[in-house]
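A short reminder: the numbers here are calculations on the coordinates, not readings from a lab. Everything numeric here is computed off the predicted structure, so don't read it as measured data. Virtual Cβ from ideal backbone geometry, glycine too; neighbours counted across all protein chains shown.
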Amino acid sequence: MNRILFRGAELDAAGRLCVEDRRAAHLLDVLKARPGQVVRLGLVNGPRGRGTVEAIAGRRVTLRWEPDGEPPSVPPVDLLLALPRPKVLRRLWAPLAALGVGRIVLVNAARVERQYFDTHWLQPAAYEPLLLEGLEQAGDTRLPEVAVRRRFRPFVEDELESLWPATLRVSAEPGAPGSMTALRRKPGERMLVAVGPEGGWTEFELRLLDARGFRRVGLGERTLRSDTACIALLALAHEVARRDGTGEVP
């Protein structure tokens, strides 16, 4: 945990934050916090800042919040992900937030099992703590937007353009000759990475994406699991964003 996050509703009228959950455990057991010590804090979807420890009572820690500047920019990369198996989805939430994703849309696909949509890992109460864990690791405060769509074709044909206008779009295909690092991104342009299920997108799904301007890219000759491919592609997308611009989108 490289930055302790909190929500605005947790502050009192004097700008003090009281914690006695896992954050207090981190302060007391890992940072060995003492009154007067300054630690890194962040307001969810708000600015980063500092917290000065004012009091410790048992396992309860009180800090005074001091914001520092403007909120961080929204990450320039978004993810369109065919819904993975529940245990894989659970593993992915934290690293997705740590890498930096502005919006995550989980979508159905021909090779997605229908019962995957019944998992509790699609409920905000289950996944938001994992997203916060990833943000705390990265030192960021921007919580990704999350949406779930059960029908692939209507989403691609009817919603995708309105969600991502003027976006550099790529679709992952095992063995595709295209390379993420060969792409060129305009400064300020968002990137959308589409990652299919285990076994990949079907040819029909790839053609639908092709028709919306997606460029097919691969990760070499090795066959990767969808979660491994997802992390690798997002890391490469951020490298493209840094290379071709500031990597920041207002």
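Pull up all non-local amide H partners of GLY139: gap of 5 or more, or a different chain, and H-to-H distance under 5 Å with H placed in the peptide plane.
ASN2, ARG3
So what's the back-of-envelope 222 nm ellipticity for the chain, counting only DSSP H runs of four-plus at -39500 (n - 2.57) apiece and dividing by all residues, rounded to 500?
Rounded to the nearest 500, it is -8000 deg cm²/dmol.
Relative to the present Cα-Cα distance, how much length would full extension add between GLU70 and ARG16 at 0.36 nm per residue of separation?
Result: 17.5 nm gained on full extension.
Counting only DSSP beta bridges with both residues in the chain, what percent are antiparallel, rounded to the nearest 5?
About 45 percent, rounded to the nearest 5.
May I ask you to derive the FRET efficiency for GLU203 and VAL30 from their Cβ-Cβ distance with R0 = 45 Å, giving the value to the nearest 0.05?
The calculated FRET efficiency here is 0.35.
Compute the separation of the alpha-carbon centres of region 175-236 and region 50-129 and state it in Å as a whole number.
Between the Cα centre of region 175-236 and that of region 50-129, the gap is 22 Å.
In nm, what is the difference between 0.36 nm times the number of residues separating ALA182 and ARG243 and their Cα-Cα distance?
Gain on stretching ALA182 to ARG243: 20.8 nm.
Please compute the Kirkwood hydrodynamic radius of the chain from all pairs of different C-alpha atoms, in Å with one decimal.
With all distinct Cα pairs of the chain included, I get 19.5 Å.
Where does each of 121-128, 41-48, 202-209 land if you order them by average Cβ count within 10 Å, highest first?
Ranking the peptides 121-128, 41-48, 202-209 by packing returns 41-48, 202-209, 121-128.
With the contact rule set at Cα under 8 Å and sequence spacing of 6 or more, what percent relative contact order holds for the chain?
20
What is the dipole size for region 4-67, taken about its Cα centre, with +1 at each Lys and Arg Cβ and -1 at each Asp and Glu Cβ, in debye to the nearest 20?
180
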